[in-house]
1. Can you give me the accessible area per residue for the chain, using a 1.4 Å probe, in Å²?
2. Of the listed peptides 290-302, 70-82, what is their order by residue-averaged count of other C-beta atoms within 10 Å, with the highest listed first?
3. Could you grab the relative contact order for the chain? Cα pairs under 8 Å, six or more apart, rounded to a whole percent.
4. With the chain treated as a Gaussian network of Cα nodes joined by springs under 10 Å, which of ARG333, ARG46, ARG144 yields the largest mean-square fluctuation?
5. Quick one: what are the phi-derived ³J(HN,Hα) couplings along region 322-336, Karplus 6.51/-1.76/1.60 with θ = phi - 60°, whole Hz, x for glycine and proline?
6. Give me Rg/Rg_expected for region 1-41, where Rg uses Cα atoms only and Rg_expected = 2.2 N^0.38 Å with N residues.
7. Please report the carbon-and-sulfur percent of the accessible area for the chain; probe 1.4 Å, protein heavy atoms only, DNA, RNA and ligands left out.
8. Would you mind classifying region 326-374 by shape? Square roots of the alpha carbon gyration tensor eigenvalues, ordered a ≥ b ≥ c; an a/c under 1.5 is rounded, otherwise it is prolate if a/b is larger than b/c and oblate if not.
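The values are calculated or read from the model by the stated rules, or taken from the named source; none is laboratory data. Every value quoted in this text rests on a predicted model; they were computed, and no experiment measured them. In this analysis, Cβ positions are derived from the backbone assuming ideal geometry, glycine residues included, and neighbour counts consider all displayed protein chains. When the accessible area is computed, the model is the full protein with side chains, heavy atoms only, and any ligands, DNA or RNA have been set aside. Shrake-Rupley method; radii C 1.70, N 1.55, O 1.52, S 1.80 Å.
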Amino acid sequence: MTADPLTSLRQEASALNTAGHHEDALARYDDLVARAPDEAAWHNERAAVLRNLGRIAEARTACERAVALAPDLALAHVNLAGLLLTQGHYREGFRAYEWRLRVPDCHVPALGLRAPMWDGQPARDKCLLVAAEQGLGDTVQFVRFLAKARTRVGRLVLVVQTPLKGLCGGVAGADAVLASGETLPRHDLKISLLSLPHRLRTSLATLPAPERYLHGPPIESVQGGGLRVGIAWQGNPEGAGDRGRSVTLDILRPVLSASGVRFFSLQKNFGLDQLAAFPEVEDVGSRCATFADTAAIMKTLDLVITTDTAVAHVAGALGRPTWLLLKRAPAWRWLENRTDSPWYPSMRLYRQAMTGDWGTPVQRIAADLARVSAARDGPVA
(Lines give C-alpha, C1' and ligand atoms only; values in the text may rest on other atoms or scores of the structure.)
Protein backbone atom coordinates (compact mmCIF):
# COMPACT_ATOMS: atom_id res chain seq x y z
CA MET A 1 0.00 0.00 0.00
CA THR A 2 1.36 3.42 -0.94
CA ALA A 3 1.90 5.72 2.04
CA ASP A 4 0.06 9.01 2.20
CA PRO A 5 2.38 11.74 0.79
CA LEU A 6 2.01 13.95 3.88
CA THR A 7 2.70 11.03 6.20
CA SER A 8 5.85 10.20 4.25
CA LEU A 9 6.95 13.83 4.36
CA ARG A 10 6.37 13.93 8.12
CA GLN A 11 8.42 10.77 8.63
CA GLU A 12 11.22 12.21 6.53
CA ALA A 13 11.17 15.47 8.50
CA SER A 14 11.25 13.64 11.82
CA ALA A 15 14.15 11.44 10.72
CA LEU A 16 16.15 14.46 9.56
CA ASN A 17 15.58 16.20 12.88
CA THR A 18 16.67 13.12 14.83
CA ALA A 19 19.80 12.87 12.70
CA GLY A 20 20.70 16.47 13.45
CA HIS A 21 19.87 17.88 10.00
CA HIS A 22 17.67 20.57 11.46
CA GLU A 23 17.60 23.01 8.55
CA ASP A 24 16.49 20.26 6.17
CA ALA A 25 13.92 19.06 8.69
CA LEU A 26 12.53 22.57 9.05
CA ALA A 27 12.09 22.87 5.28
CA ARG A 28 9.96 19.70 5.33
CA TYR A 29 7.87 20.90 8.25
CA ASP A 30 7.36 24.27 6.58
CA ASP A 31 6.00 22.37 3.60
CA LEU A 32 3.76 20.26 5.85
CA VAL A 33 2.16 23.16 7.70
CA ALA A 34 1.70 25.05 4.44
CA ARG A 35 -0.27 22.10 3.05
CA ALA A 36 -2.22 21.36 6.24
CA PRO A 37 -2.17 24.47 8.46
CA ASP A 38 -4.66 23.06 10.97
CA GLU A 39 -2.63 19.97 11.99
CA ALA A 40 -1.59 20.79 15.54
CA ALA A 41 0.92 17.94 15.82
CA TRP A 42 2.91 19.24 12.87
CA HIS A 43 3.13 22.72 14.35
CA ASN A 44 4.33 21.13 17.59
CA GLU A 45 6.98 19.06 15.82
CA ARG A 46 8.06 22.07 13.79
CA ALA A 47 8.51 23.94 17.08
CA ALA A 48 10.88 21.23 18.27
CA VAL A 49 13.03 21.71 15.17
CA LEU A 50 13.10 25.47 15.66
CA ARG A 51 14.11 24.82 19.28
CA ASN A 52 17.01 22.70 18.09
CA LEU A 53 18.10 25.57 15.87
CA GLY A 54 18.06 27.95 18.83
CA ARG A 55 15.19 29.99 17.36
CA ILE A 56 13.29 30.10 20.63
CA ALA A 57 10.83 32.91 19.90
CA GLU A 58 9.73 31.30 16.63
CA ALA A 59 9.47 27.91 18.32
CA ARG A 60 7.23 29.40 21.00
CA THR A 61 4.95 30.89 18.33
CA ALA A 62 4.67 27.50 16.63
CA CYS A 63 3.88 25.80 19.94
CA GLU A 64 1.25 28.36 20.81
CA ARG A 65 -0.34 27.69 17.43
CA ALA A 66 -0.39 23.96 18.20
CA VAL A 67 -2.03 24.56 21.57
CA ALA A 68 -4.61 26.87 20.01
CA LEU A 69 -5.50 24.20 17.45
CA ALA A 70 -5.56 21.32 19.96
CA PRO A 71 -5.96 22.54 23.55
CA ASP A 72 -5.72 18.97 24.89
CA LEU A 73 -2.47 18.08 23.12
CA ALA A 74 -0.33 17.48 26.20
CA LEU A 75 2.97 17.25 24.32
CA ALA A 76 2.45 20.70 22.85
CA HIS A 77 1.91 22.16 26.33
CA VAL A 78 5.07 20.42 27.59
CA ASN A 79 7.10 21.75 24.68
CA LEU A 80 5.67 25.21 25.25
CA ALA A 81 6.66 24.93 28.90
CA GLY A 82 10.27 24.29 27.94
CA LEU A 83 10.31 27.34 25.69
CA LEU A 84 8.77 29.58 28.34
CA LEU A 85 11.31 28.36 30.87
CA THR A 86 14.14 28.94 28.40
CA GLN A 87 12.98 32.54 28.11
CA GLY A 88 12.90 32.89 31.90
CA HIS A 89 9.10 32.95 32.25
CA TYR A 90 9.14 30.59 35.21
CA ARG A 91 5.64 31.11 36.62
CA GLU A 92 3.99 30.42 33.27
CA GLY A 93 6.52 27.77 32.30
CA PHE A 94 6.24 25.64 35.41
CA ARG A 95 2.44 25.89 35.24
CA ALA A 96 2.49 24.60 31.65
CA TYR A 97 5.00 21.91 32.64
CA GLU A 98 2.31 20.22 34.74
CA TRP A 99 0.90 18.95 31.44
CA ARG A 100 3.66 16.32 31.47
CA LEU A 101 1.48 14.45 33.97
CA ARG A 102 -1.11 14.00 31.20
CA VAL A 103 1.28 12.71 28.54
CA PRO A 104 0.43 9.08 27.68
CA ASP A 105 2.91 6.63 29.24
CA CYS A 106 4.30 9.41 31.43
CA HIS A 107 6.71 7.91 33.97
CA VAL A 108 6.18 9.94 37.12
CA PRO A 109 6.37 7.66 40.19
CA ALA A 110 4.21 9.96 42.32
CA LEU A 111 1.24 9.25 40.08
CA GLY A 112 1.25 5.63 41.24
CA LEU A 113 0.80 6.53 44.90
CA ARG A 114 -2.66 6.55 46.43
CA ALA A 115 -2.43 9.74 48.50
CA PRO A 116 -3.96 12.96 47.19
CA MET A 117 -1.70 15.31 45.23
CA TRP A 118 -0.52 18.29 47.27
CA ASP A 119 -1.74 21.63 45.96
CA GLY A 120 0.88 23.72 47.76
CA GLN A 121 -1.46 24.98 50.47
CA PRO A 122 -0.42 24.84 54.14
CA ALA A 123 -1.02 21.40 55.69
CA ARG A 124 1.00 21.56 58.88
CA ASP A 125 -0.55 18.45 60.39
CA LYS A 126 0.21 16.33 57.30
CA CYS A 127 3.12 14.27 56.02
CA LEU A 128 4.11 15.07 52.43
CA LEU A 129 5.90 12.50 50.32
CA VAL A 130 8.01 14.01 47.51
CA ALA A 131 9.03 11.55 44.79
CA ALA A 132 11.84 12.18 42.32
CA GLU A 133 11.27 11.82 38.60
CA GLN A 134 13.34 11.86 35.41
CA GLY A 135 17.14 11.99 35.58
CA LEU A 136 19.66 12.18 38.41
CA GLY A 137 20.58 15.74 37.45
CA ASP A 138 16.93 16.80 37.66
CA THR A 139 16.72 15.46 41.20
CA VAL A 140 19.88 17.27 42.30
CA GLN A 141 18.65 20.49 40.70
CA PHE A 142 15.17 20.42 42.26
CA VAL A 143 15.80 19.26 45.84
CA ARG A 144 16.53 22.92 46.61
CA PHE A 145 12.75 23.44 46.76
CA LEU A 146 12.24 21.10 49.73
CA ALA A 147 13.15 23.71 52.35
CA LYS A 148 10.31 26.03 51.34
CA ALA A 149 7.83 23.15 50.94
CA ARG A 150 8.70 21.92 54.43
CA THR A 151 7.51 25.21 55.98
CA ARG A 152 3.98 24.37 54.80
CA VAL A 153 3.68 20.78 56.02
CA GLY A 154 4.24 18.90 59.27
CA ARG A 155 6.69 16.35 57.88
CA LEU A 156 8.39 15.79 54.52
CA VAL A 157 9.78 12.54 53.16
CA LEU A 158 11.88 12.52 49.98
CA VAL A 159 12.26 9.50 47.70
CA VAL A 160 15.21 9.65 45.28
CA GLN A 161 17.07 7.37 42.90
CA THR A 162 19.35 4.94 44.76
CA PRO A 163 22.69 6.52 43.67
CA LEU A 164 21.60 9.85 45.19
CA LYS A 165 20.38 8.71 48.61
CA GLY A 166 23.65 9.36 50.42
CA LEU A 167 24.25 12.72 48.77
CA CYS A 168 20.72 13.99 49.48
CA GLY A 169 20.61 12.62 53.03
CA GLY A 170 21.18 15.98 54.69
CA VAL A 171 19.29 18.23 52.30
CA ALA A 172 17.38 21.02 54.04
CA GLY A 173 13.64 20.36 54.31
CA ALA A 174 13.68 16.56 54.26
CA ASP A 175 12.86 14.79 57.54
CA ALA A 176 13.77 11.49 55.89
CA VAL A 177 15.33 10.45 52.58
CA LEU A 178 14.60 7.06 51.05
CA ALA A 179 15.82 5.31 47.92
CA SER A 180 13.43 4.14 45.23
CA GLY A 181 12.06 0.72 46.13
CA GLU A 182 12.33 1.14 49.89
CA THR A 183 9.21 0.76 52.01
CA LEU A 184 7.34 4.04 52.16
CA PRO A 185 6.16 5.45 55.48
CA ARG A 186 2.61 6.53 56.09
CA HIS A 187 1.96 9.81 54.32
CA ASP A 188 -1.07 12.02 53.79
CA LEU A 189 -0.12 13.89 50.62
CA LYS A 190 2.16 13.35 47.62
CA ILE A 191 3.85 15.42 44.96
CA SER A 192 6.38 14.88 42.22
CA LEU A 193 9.65 16.71 42.86
CA LEU A 194 9.53 18.65 39.58
CA SER A 195 6.06 19.98 40.45
CA LEU A 196 7.33 21.84 43.51
CA PRO A 197 8.31 25.09 41.75
CA HIS A 198 4.81 25.38 40.31
CA ARG A 199 3.09 24.69 43.62
CA LEU A 200 5.44 27.15 45.34
CA ARG A 201 4.72 29.78 42.66
CA THR A 202 8.37 30.16 41.75
CA SER A 203 9.55 32.94 39.46
CA LEU A 204 13.04 33.66 38.19
CA ALA A 205 13.24 36.42 40.83
CA THR A 206 12.26 34.05 43.67
CA LEU A 207 14.29 31.04 42.55
CA PRO A 208 16.10 29.61 45.59
CA ALA A 209 19.78 29.61 44.62
CA PRO A 210 21.98 29.26 47.69
CA GLU A 211 25.71 29.09 47.13
CA ARG A 212 25.50 25.44 48.17
CA TYR A 213 22.59 23.30 49.31
CA LEU A 214 24.15 19.84 49.31
CA HIS A 215 27.17 19.17 51.44
CA GLY A 216 28.20 15.58 50.85
CA PRO A 217 30.17 13.27 53.13
CA PRO A 218 33.53 13.92 54.80
CA ILE A 219 36.24 14.85 52.32
CA GLU A 220 38.14 12.14 50.47
CA SER A 221 41.46 13.78 49.74
CA VAL A 222 42.96 13.97 46.29
CA GLN A 223 46.70 13.98 46.85
CA GLY A 224 49.33 16.11 45.14
CA GLY A 225 49.97 19.70 44.15
CA GLY A 226 49.02 21.82 41.17
CA LEU A 227 45.62 23.06 40.12
CA ARG A 228 43.27 20.12 40.59
CA VAL A 229 40.59 19.88 37.89
CA GLY A 230 37.89 17.23 37.62
CA ILE A 231 36.46 16.47 34.19
CA ALA A 232 33.37 14.69 32.89
CA TRP A 233 32.64 14.57 29.20
CA GLN A 234 29.93 12.05 28.39
CA GLY A 235 26.46 11.02 29.47
CA ASN A 236 24.62 7.83 28.57
CA PRO A 237 24.91 7.60 24.76
CA GLU A 238 21.68 5.60 24.62
CA GLY A 239 19.66 8.36 26.25
CA ALA A 240 17.70 10.62 23.90
CA GLY A 241 18.49 13.61 26.09
CA ASP A 242 22.23 13.12 25.58
CA ARG A 243 22.03 13.79 21.85
CA GLY A 244 24.56 16.47 20.94
CA ARG A 245 25.62 17.41 24.47
CA SER A 246 28.49 14.99 25.11
CA VAL A 247 32.03 15.29 23.80
CA THR A 248 35.07 13.01 23.63
CA LEU A 249 38.33 13.37 25.49
CA ASP A 250 39.99 14.06 22.16
CA ILE A 251 37.80 17.16 21.73
CA LEU A 252 39.05 18.31 25.14
CA ARG A 253 42.70 17.87 24.15
CA PRO A 254 43.36 21.67 24.09
CA VAL A 255 42.16 21.85 27.69
CA LEU A 256 44.17 18.84 28.79
CA SER A 257 47.38 20.41 27.49
CA ALA A 258 47.32 23.13 30.17
CA SER A 259 50.51 23.26 32.23
CA GLY A 260 50.47 23.22 36.01
CA VAL A 261 47.16 21.33 36.08
CA ARG A 262 46.33 17.84 37.33
CA PHE A 263 43.25 16.28 35.74
CA PHE A 264 40.96 13.77 37.40
CA SER A 265 38.27 11.86 35.52
CA LEU A 266 34.90 11.91 37.29
CA GLN A 267 33.44 9.75 34.54
CA LYS A 268 31.50 6.59 35.38
CA ASN A 269 30.19 3.79 33.17
CA PHE A 270 30.57 5.54 29.81
CA GLY A 271 33.61 6.78 27.92
CA LEU A 272 36.17 5.18 30.21
CA ASP A 273 37.82 3.41 27.29
CA GLN A 274 39.06 6.81 26.10
CA LEU A 275 41.30 7.20 29.15
CA ALA A 276 43.87 4.80 27.73
CA ALA A 277 44.98 7.47 25.27
CA PHE A 278 45.26 10.13 28.00
CA PRO A 279 47.59 8.90 30.75
CA GLU A 280 47.74 12.44 32.15
CA VAL A 281 44.12 12.02 33.36
CA GLU A 282 43.78 10.09 36.60
CA ASP A 283 40.66 7.93 36.88
CA VAL A 284 38.94 8.60 40.21
CA GLY A 285 35.36 8.23 39.01
CA SER A 286 35.60 4.45 38.69
CA ARG A 287 36.08 4.10 42.42
CA CYS A 288 32.93 6.10 43.19
CA ALA A 289 30.01 3.79 43.94
CA THR A 290 27.54 6.64 44.52
CA PHE A 291 27.31 10.37 43.98
CA ALA A 292 28.18 10.86 47.63
CA ASP A 293 31.59 9.38 46.77
CA THR A 294 31.87 11.70 43.78
CA ALA A 295 30.94 14.67 45.97
CA ALA A 296 33.65 13.76 48.47
CA ILE A 297 36.26 13.99 45.72
CA MET A 298 34.76 17.17 44.21
CA LYS A 299 35.17 18.95 47.53
CA THR A 300 38.96 18.67 47.20
CA LEU A 301 39.10 19.85 43.59
CA ASP A 302 39.74 23.43 42.57
CA LEU A 303 37.51 23.26 39.48
CA VAL A 304 35.13 20.94 37.64
CA ILE A 305 34.88 21.06 33.83
CA THR A 306 31.96 19.08 32.47
CA THR A 307 29.33 18.71 29.82
CA ASP A 308 25.62 18.83 30.69
CA THR A 309 25.40 15.72 32.87
CA ALA A 310 24.46 14.97 36.47
CA VAL A 311 28.07 15.77 37.41
CA ALA A 312 27.40 19.43 36.57
CA HIS A 313 24.42 19.57 38.93
CA VAL A 314 26.28 17.87 41.77
CA ALA A 315 29.22 20.26 41.41
CA GLY A 316 26.87 23.26 41.31
CA ALA A 317 24.86 22.06 44.30
CA LEU A 318 28.10 21.68 46.27
CA GLY A 319 29.10 25.21 45.34
CA ARG A 320 32.23 24.04 43.53
CA PRO A 321 33.64 26.26 40.75
CA THR A 322 32.24 24.65 37.60
CA TRP A 323 32.75 25.35 33.90
CA LEU A 324 29.96 23.86 31.82
CA LEU A 325 30.09 23.07 28.10
CA LEU A 326 26.71 23.51 26.42
CA LYS A 327 25.44 22.58 22.98
CA ARG A 328 23.83 25.18 20.71
CA ALA A 329 20.31 24.56 22.00
CA PRO A 330 20.69 23.20 25.53
CA ALA A 331 18.05 22.28 28.08
CA TRP A 332 15.70 25.03 29.25
CA ARG A 333 17.43 25.31 32.63
CA TRP A 334 20.41 27.14 31.11
CA LEU A 335 18.21 29.92 29.66
CA GLU A 336 19.34 31.94 26.63
CA ASN A 337 22.69 33.55 25.90
CA ARG A 338 23.88 33.66 29.51
CA THR A 339 27.38 32.85 30.70
CA ASP A 340 26.16 32.41 34.28
CA SER A 341 23.39 30.34 35.83
CA PRO A 342 20.77 31.66 38.26
CA TRP A 343 20.51 28.08 39.56
CA TYR A 344 24.19 27.69 40.44
CA PRO A 345 26.15 30.81 41.47
CA SER A 346 29.50 28.99 41.17
CA MET A 347 28.95 27.98 37.54
CA ARG A 348 30.23 29.51 34.30
CA LEU A 349 28.66 28.53 30.95
CA TYR A 350 30.53 27.97 27.68
CA ARG A 351 28.08 27.70 24.78
CA GLN A 352 28.38 26.48 21.22
CA ALA A 353 27.84 29.26 18.71
CA MET A 354 27.01 26.75 15.98
CA THR A 355 25.44 23.31 16.26
CA GLY A 356 28.10 20.62 16.57
CA ASP A 357 31.02 23.07 16.80
CA TRP A 358 32.83 22.44 20.09
CA GLY A 359 36.05 24.09 18.92
CA THR A 360 35.22 27.63 20.02
CA PRO A 361 33.95 26.93 23.57
CA VAL A 362 36.74 24.40 24.18
CA GLN A 363 39.37 26.90 23.10
CA ARG A 364 37.83 29.50 25.42
CA ILE A 365 37.99 27.08 28.32
CA ALA A 366 41.60 26.22 27.46
CA ALA A 367 42.55 29.90 27.43
CA ASP A 368 40.74 30.61 30.70
CA LEU A 369 42.30 27.58 32.35
CA ALA A 370 45.77 28.65 31.25
CA ARG A 371 45.20 32.07 32.80
CA VAL A 372 43.92 30.59 36.06
CA SER A 373 46.84 28.18 36.26
CA ALA A 374 49.41 30.89 35.54
CA ALA A 375 47.97 33.23 38.17
CA ARG A 376 47.22 30.56 40.73
CA ASP A 377 47.08 32.27 44.13
CA GLY A 378 43.52 31.71 45.34
CA PRO A 379 40.17 30.08 44.61
CA VAL A 380 39.04 29.66 41.02
CA ALA A 381 36.42 32.28 40.13
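1. Values: 16820 Å² over 381 residues.
Heavy-atom SASA per residue in the chain reads 44 Å².
2. Working: 290-302: 21.8, 70-82: 19.9.
Order by mean packing, descending: 290-302, 70-82.
3. Details: 701 pairs, mean separation 52.6, N = 381.
Averaging sequence separation for qualifying contacts and normalising by length gives 14 percent for the chain.
4. Answer for the Gaussian network model of the chain: ARG333.
5. Listing the rounded values in order: 9, 10, 10, 8, 10, 6, 4, 10, x, 4, 4, 5, 9, 6, 10 Hz.
6. Details: Rg = 10.2 Å, N = 41, 2.2 N^0.38 = 9.0 Å.
Compactness ratio reported: 1.13.
7. Numbers: 8620 of 16820 Å².
For the chain, the apolar C and S fraction of the accessible surface comes to 51 percent.
8. Details: a/c = 3.44, a/b = 1.23, b/c = 2.80.
Oblate, because a/c is 1.5 or more while a/b does not exceed b/c.
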